[in-house]
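Below you'll find the structure, written out as structure tokens, and then a few comments.
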Amino acid sequence: MNGWDILNDIIKIIPPILVILFLLIAGIIFAIGFFRHGLNFIKYGFRQTVLDSTLEKRFDRLEERLDGMDSRIATIETNHFGHLKNFLTELTGILVDKNIINNTEKARLDNQLRGM
């Protein structure tokens with residue numbers, strides 16, 4: 001016995017009017033779902049999520065926050081680089097005082113730092 005035999009037995013038991021009514025209701029439900037969601041209705045049924053404006057607003061706010069963080073990171077990088085340049089300038093001065101490098105080498109290092 002296969003599935004068609006079972007379906008045939010059920011159809012014999014149920015009155016034809018109920019079968020027609022059931023098929024009509026199923027067809028109406030399918031038509032409403034298909035016209036509302038298209039081919040995705042066959043895959044997902046009525047449980048499809050639709051992006052509403054609140055979700056779009058959340059993404060916009062998140063994008064604004066990320067833009068703000070990018071500018072803050074750029075500011076921090078600039079400040080740290082400035083501190084690093086000051087430290088390296090001070091270090092070259094100390095190296096000259098300790099006679100580890102001479103004034104010409106210090107001038108070259110200072111020119112390199114100024115070019116950054």
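The values are calculated or read from the model by the stated rules, or taken from the named source; none is laboratory data. In this text the structure is predicted, and so the values were computed from the model without any measurement. Glycine gets a Cβ as well: all are built from the backbone with ideal geometry, and neighbour counts include every protein chain shown.
Search segment 96-114 for residues that are under 25 Å from GLY82 (Cβ atoms) and pair each with any residue that is in a helix (DSSP H, G or I) and small (Gly, Ala, Ser) when their beta-carbon atoms are under 9 Å apart and the residues are at least 6 apart or on different chains.
Pairs that qualify, where the first residue is under 25 Å from GLY82 (Cβ atoms) and the partner is in a helix (DSSP H, G or I) and small (Gly, Ala, Ser), are LYS106/GLY93.
Suppose we filter segment 1-34 for residues that are part of a helix (DSSP H, G or I) and either among the aliphatic types (A, V, I, L, M) or touching a residue at least 60 places away in the same chain (Cβ under 8 Å) (or both); how many remain?
First, the residues of segment 1-34 that are part of a helix (DSSP H, G or I): 3-13, 16-34.
Now narrow it down to the ones that are either among the aliphatic types (A, V, I, L, M) or touching a residue at least 60 places away in the same chain (Cβ under 8 Å) (or both): 6-7, 10-11, 13, 17-21, 23-26, 28-29, 31-32.
The total comes to 18.
Quick check: is even one residue across segment 31-50 more than 33 Å from the chain's Cα centre (by Cα), more than 30 Å from ARG114 (Cα to Cα), at pLDDT 85 or above and not small (Gly, Ala, Ser)?
Initially, segment 31-50 is screened for residues more than 33 Å from the chain's Cα centre (by Cα), giving 31.
Okay, now just the ones that are also more than 30 Å from ARG114 (Cα to Cα), so 31.
From what's left, at pLDDT 85 or above: 31.
If we keep only those that are not small (Gly, Ala, Ser) as well, we get none.
No, segment 31-50 contains no residue that is more than 33 Å from the chain's Cα centre (by Cα), more than 30 Å from ARG114 (Cα to Cα), at pLDDT 85 or above and not small (Gly, Ala, Ser).
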